[in-house]
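Just passing along the structure, written as structure tokens.
Throughout, read-outs are computed from the coordinates displayed, never taken from laboratory work. Given the structure is predicted, the values throughout are model-derived calculations rather than measurements. Every residue, glycine as well, gets a Cβ built from its backbone with ideal geometry; the counts of neighbours run over all protein chains shown.
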């Protein structure tokens, strides 16, 4: 029994080291005084000059701001569409075209990104020739492409949450006279809100990090941050990229901590309400 615990702890430690050691090294080298990204300057003390250089790097800042705008748009639209699709697949088991809808929502997950990017590129070109929209490739086509594959992930997350949902809570609300719209807003939506928030964060991360599909549907002047960093790798990454990555890690970590605290607060609030309701029925 003790050997199993030691093995489990050792495996956990090795897994955490494997996942987070590169991130920690990137953060450490963002304070390196040398212009070489992978060589630590042991002569001079750590410095913050690369963060100052980052402020004056217009190319990276413009690409980062474009990536943030596209990720926010893609995540928000994907949450709306993915929640509706997940709700339909989980609640309406018998309707014409359900199998087709299920296959279309999960296809972007299993389909290679090269095929997805090429098919979207051909679609946008055909639409421009037929109806004149979208006008060329740019931020709009990137956002539409990201919504296409991010929606699939949100659909899976929301559908899995609704599969184990206790429908007796909705039935009790309707027995008390609540309308379907009120039941959805006051009962269903608060209970599946953690899944929706998780889907939004997942969609935001996938959109922010995407490179392959973005390269197919991006036009001149619409380079996202992954595209800029990938182009810099060929000539050598500058230390200000490490500084930018450190800032992004800090922002993402802060968002995860805040969302975790908020979801725990909501969980405790629901448990307290359930206890009060059970005590009132006694």
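Does residue 134 satisfy being surrounded by 13 or more Cβ atoms within 10 Å (Cβ to Cβ), assigned to a helix (DSSP H, G or I) and in contact with a helix residue (DSSP H, G or I) (Cβ under 8 Å, 6 or more places away or on another chain)? Spell out how you get there, then give the answer.
Details: surrounded by 13 or more Cβ atoms within 10 Å (Cβ to Cβ): yes; assigned to a helix (DSSP H, G or I): no; in contact with a helix residue (DSSP H, G or I) (Cβ under 8 Å, 6 or more places away or on another chain): yes.
Judged against the criteria, residue 134 is not a match.
Moving to a separate point now. So which helices (runs of 4 or more DSSP H) stay within the stretch 178-250 end to end and still have 1 or more residues that are within 16 Å of residue 83 (Cβ to Cβ) and without any contact (Cβ under 8 Å) to a residue 24 or more places away in the chain? Show your work before the answer.
Numbers: elements: 180-183, 189-209, 212-217, 225-233.
In the stretch 178-250, 180-183, 189-209 are the helices (runs of 4 or more DSSP H) which contain 1 or more residues that are within 16 Å of residue 83 (Cβ to Cβ) and without any contact (Cβ under 8 Å) to a residue 24 or more places away in the chain.
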